[in-house]
Amino acid sequence: MTMVRHMSTAAALALHVACIGIAMSMPSSAPPVEAREIPITLTLAPPPPPPPPAPKVEEPRPEPKPVPKAVVNDTPPPPPVPQPMLDPPPEVIASAATSVAESIVPVAPPPPPPPPNPGAAKAKDDYFGRVLGWLERHKRTPRTSRIQATAWVEFAFNRSGRLVNSKLFKSSGVAVLDEAAMKMVERSSPFPAVPKEVPGETISLQVPVEFTIR
């Protein structure tokens with residue numbers, strides 16, 4: 001069967017080739033076609049867009065140079081060298097001494113004090129002795145006192161002898177004796193009149209008043 005199938009296929013192929021050869025050998029009855037010029041219109045395409053600009057590459061900025069720090073010198077400056085003092089020439093010293101001497105104005109010496117008056121000094125001593133005696137005459141010692149002490153009194157009187165003021169200058173330590181000393185001053189007013197040999201409108205005295213045991 002296989003052999004018969006191959007033989008049929010080969011016969012069919014031979015027949016088909018024979019038909020093609022016959023067709024090619026036959027003259028063509030179709031009229032010839034006239035050649036005509038066909039206008040051809042060419043449409044130019046728009047030019048392509050320009051390529052985009054290349055991205056600008058930024059160049060790296062140079063790093064700023066570090067500012068040099070100021071160097072502080074902690075070492076103190078050396079002390080100034082003292083300049084030697086030059087002595088002025090003799091003529092300068094002489095001229096300076098002359099100008100100073102010319103500017104000095106002589107001052108008259110104060111008048112000498114008046115000579116002491118022996119009579120006036122004696123009159124003062126006599127007067128103050130009289131005042132002390134006058135106070136002693138007006139002193140009263142309290143009978144209750146059994147100790148020995150001294151009280152100081154300060155008082156002032158005018159030239160006519162009238163008492164102006166009085167106070168206890170220093171206490172004796174015993175109140176009864178201090179009171180007796182103050183009463184003595186009050187009883188002594190008026191004092192003896194002040195002589196002309198004793199100056200001043202008011203006479204001020206500080207007198208000790210002694211109290212003794214009897």
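The values are calculated or read from the model by the stated rules, or taken from the named source; none is laboratory data. Computed from a predicted model, the values in this text were never measured in an experiment. Cβ: placed from backbone, ideal geometry, glycine included. Neighbour counts: every protein chain shown.
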Going by what's in this entry, would Ser172 be described as among the small types (Gly, Ala, Ser), modelled with pLDDT of 95 or more and under 27 Å from Gln206 (Cβ atoms)?
no
Quick check: is even one residue across the range 156-173 in contact (Cβ under 8 Å) with a residue 40 or more places away in the chain, closer than 21 Å to Thr212 by Cβ and in contact with a strand residue (DSSP E or B) (Cβ under 8 Å, 6 or more places away or on another chain)?
no
Return the residue satisfying two criteria in turn: it lies in the range 102-146 and is exposed (fewer than 11 other Cβ atoms within 10 Å of the Cβ) and among the basic types (Lys, Arg), and of such residues it is modelled with the lowest pLDDT.
Arg146
Residues of the range 182-214 being aliphatic (A, V, I, L, M) and within 19 Å of Arg159 (Cβ to Cβ), which ones?
Val185, Ala193, Val194, Val198, Ile203, Leu205, Val207
